[in-house]
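Report on one structure; see the data block that follows.
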Amino acid sequence: MDPIKTDIVVVGAGPGGYAAAFYAADQGKKVLLVERDASLGGVCLNRGCIPSKALLYATHQIREAKESEERGITFGEPKLDLAKMREWKSGILKKLTGGIAQLAKARGVEVLHGKGYFEGSQSLRVESDSGQIMVEYDKAILAVGSKSALPKPWDLGNPRIMTSRGALEIEDVPEKLLVIGGGYIGMELGTVYAGLGSEIVLAEAMDSILAGADPDLALPVAKYAKENFKEVRLKAKVKSMKTSGKKIAVSMEFNDEVLNEEYDRVLVAVGRVPNSADIGLENTGVELDERGFVKIDNRQQTTDPNILAIGDIAGGVMLAHKASKEARIAVENIVGEDSKFEDVVIPAVVFTDPEVAWCGLTETDAKKQGIKVQVGKFPWSASGRAITFGRTDGLTKVIVDPETERVLGIGIVGHGAGELIGEGVLAVETGATVEDLALSVHPHPTMSETVMEAAESFFGHATHVFSPKKK
Ligand code: FAD
């Protein structure tokens with residue numbers, strides 16, 4: 001069979017790859033999108049962002065129903081139908097991944113399902129169900145993403161030792177679930193299973209959960225975990241795991257003791273590793289760093305002049321919207337624009353209960369880097385809107401350069417924080433001052449007012465909190 005010839009081949013159809021393919025087609029390029037899975041959308045749509053958020057939404061309803069008792073509305077005990085829950089979740093994924101396929105078709109992006117393997121700097125072999133297909137291209141965009149890390153000694157072939165992928169299947173509700181890792185994935189999925197009724201023990205090797213979030217923002221999440229998990233163990237080290245009948249026997253060092261316990265399931269959420277092995281990169285000029293991520297410059301260019309890389313495979317923050325932003329930068333460089341990943345604000349959201357969201361500079365990073373900042377804070381206990389829905393366990397803060405009064409960062413913890421951080425992104429990205437935020441009239445009663453009032457509190461005159469006078 002003659003090789004397929006194309007301007008651009010995109011390998012991997014996650015939020016990086018499909019965004020790159022679509023944008024390149026919009027720019028008039030002939031594009032081939034190669035994906036080894038049966039459905040498009042990558043980790044994010046199939047086994048990451050979307051299914052986890054769907055399940056968090058579902059289990060949050062249980063909490064809402066319980067709490068509504070104090071508002072004079074009482075529901076009975078929730079009954080779980082896991083088969084129906086899985087079906088509902090699959091329906092969401094199908095709708096979204098099908099939508100991506102339709103958008104590809106509408107744009108004239110050719111989709112080829114199969115595993116891509118580089119034979120050279122400008123040739124890719126695709127192992128598809130209908131045999132091997134050769135592709136010759138001008139430029140390739142590598143967007144093959146990452147997978148959950150599962151340390152070898154724990155990889156016993158026992159499906160009850162799960163990564164996030166298995167956990168999202170919700171095969172059953174384990175009575176006792178050990179979650180290893182207090183990062184965002186461990187905390188989000190721990191929240192799902194706690195909502196479903198599992199007894200959660202969380203083991204984190206570091207001395208805090210949600211490393212990366214400012215401590216005052218992580219605090220309400222730690223409080224939630226303390227109340228809703230059986231135990232949160234910090235500085236805990238899992239030493240070994242083995243199958244013991246239907247249980248997993250775990251040995252763990254904690255508080256100078258060795259604990260030997262049995263769990264029904266274990267969720268390993270200790271990080272993600274790049275999918276850079278076994279795709280023929282040794283046949284190209286692409287170089288990897290010591291952790292296996294593809295080395296790129298700020299134009300997404302790898303060390304091979306014909307190959308660019310975006311998303312998780314290129315390292316940095318491993319988030320879907322970072323992958324999609326890099327997709328645009330890669331395509332812009334291919335079509336001859338001078339586009340760089342510089343001063344780009346990438347927000348982070350942890351969809352726990354409450355949610356944590358931040359963008360730009362954090363207080364922790366300012367301290368580490370010796371940057372002088374001033375902070376305006378607004379506690380949600382003073383927000384009328386937060387009181388109406390009974391979630392005053394939140395905080396909004398603006399991190400400001402005291403010289404120029406420019407907003408350097410925004411941090412929010414509270415119910416729906418992820419929906420609010422967009423305003424922070426706009427403020428930081430457009431170089432807004434704290435006065436701009438304070439002077440912008442925000443609708444009442446909404447949680448967006450907390451951004452305005454945090455800015456006002458920087459000046460010492462937030463309406464709903466008393467601040468000592470600013471000199
Ligand atoms: P991926 O989404 O990993 O896609 C890579 C694609 O490449 C895959 O479809 C894969 O099958 C394909 N592929 C790999 N090798 C080959 C090959 N040789 N040939 C052909 N195809 C290949 N991020 C957020 O921003 N928000 C969230 O809320 C969020 N929640 C998450 C929850 C979980 C449980 C997990 C695991 C991740 C979450 N993420 C979240 C992270 C997010 O999913 C990733 O950052 C994002 O999917 C990365 O996109 P990508 O395009 O780089 O790669």
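Okay, here's what the table says:
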{"read-out": "Asn255-Thr463 FRET efficiency (beta carbon distance; Förster radius 41 Å; 0.05 resolution)", "value": "0.30"}
{"read-out": "For the chain, size of Cβ-based charge dipole, Lys and Arg +1, Asp and Glu -1, in debye", "value": "680 debye"}
{"read-out": "Net dipole in debye of the stretch 152-270 [+1 Lys, Arg Cβ; -1 Asp, Glu Cβ; about Cα centre; nearest 20]", "value": "340 debye"}
{"read-out": "Span from the the stretch 1-79 Cα centroid across to the the stretch 246-260 one, whole angstrom", "value": "36 Å"}
{"read-out": "Sorted by Cβ neighbour density within 10 Å, fewest at the top, the residues Met447, Met1, Met206", "value": "Met1, Met206, Met447"}
{"read-out": "Partnerless cysteines, meaning none of the other Cys C-beta atoms lie under 4.7 Å away, in the chain", "value": "Cys359"}
{"read-out": "Whole-number percent relative contact order across the chain, with pairs defined as alpha carbons under 8 Å at least 6 apart", "value": "13 percent"}
{"read-out": "Charge dipole magnitude, Cβ of K and R +1, D and E -1 - the stretch 354-459, Cα centre, debye nearest 20", "value": "320 debye"}
{"read-out": "Ser208/Glu136 FRET efficiency (R0 41 Å; Cβ-Cβ; nearest 0.05)", "value": "0.20"}
{"read-out": "Residue among Ala438, Gly360, Gly14 farthest towards the positive dipole end of the chain, charges placed on Cβ", "value": "Gly14"}
{"read-out": "Dipole of the chain [Lys/Arg +1, Asp/Glu -1 at C-beta], most positive-end residue of Gly98, Ser244, Gly157", "value": "Ser244"}
{"read-out": "Reach of Lys223 by Cα under 13 Å, taken over aspartates and glutamates that are not fewer than 8 positions away in the same chain", "value": "Glu231, Asp353, Glu355, Asp393"}
{"read-out": "Chymotrypsin sites (Phe, Trp or Tyr not before Pro) lying in DSSP loop within the stretch 388-460, provided at most 16 other Cβ fall within 10 Å", "value": "Phe389, Phe459"}
{"read-out": "Semi-axis lengths (Å, descending) of the ellipsoid that matches the C-alpha gyration tensor of the chain", "value": "38, 31, 21"}
{"read-out": "Descending semi-axes in whole angstrom, ellipsoid equivalent of the stretch 354-459, from the Cα gyration tensor", "value": "22, 15, 11"}
{"read-out": "Protection proxy ranking of 87-93, 11-17, 416-422, 354-360 - average other beta-carbon atoms within 10 Å, highest first", "value": "11-17, 354-360, 416-422, 87-93"}
{"read-out": "DSSP-loop GluC sites (Glu not before Pro) across the stretch 243-298, with at most 10 other Cβ within 10 angstrom", "value": "Glu290"}
{"read-out": "Segment Asp343-Glu227, length gained on full extension (0.36 nm per residue, minus Cα span)", "value": "37.9 nm"}
{"read-out": "Hits among lysines - C-alpha to C-alpha of Lys242 under 17 Å, sequence gap 8 or more where chains match", "value": "Lys152, Lys176"}
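None of the figures in this text is laboratory data; all of them are computed from the coordinates on show. Bear in mind that the values here come from a model prediction, so they are computed numbers and not experimental data. All Cβ positions, even for glycine, are placed from backbone atoms using ideal geometry, and neighbour counts span all protein chains on display.
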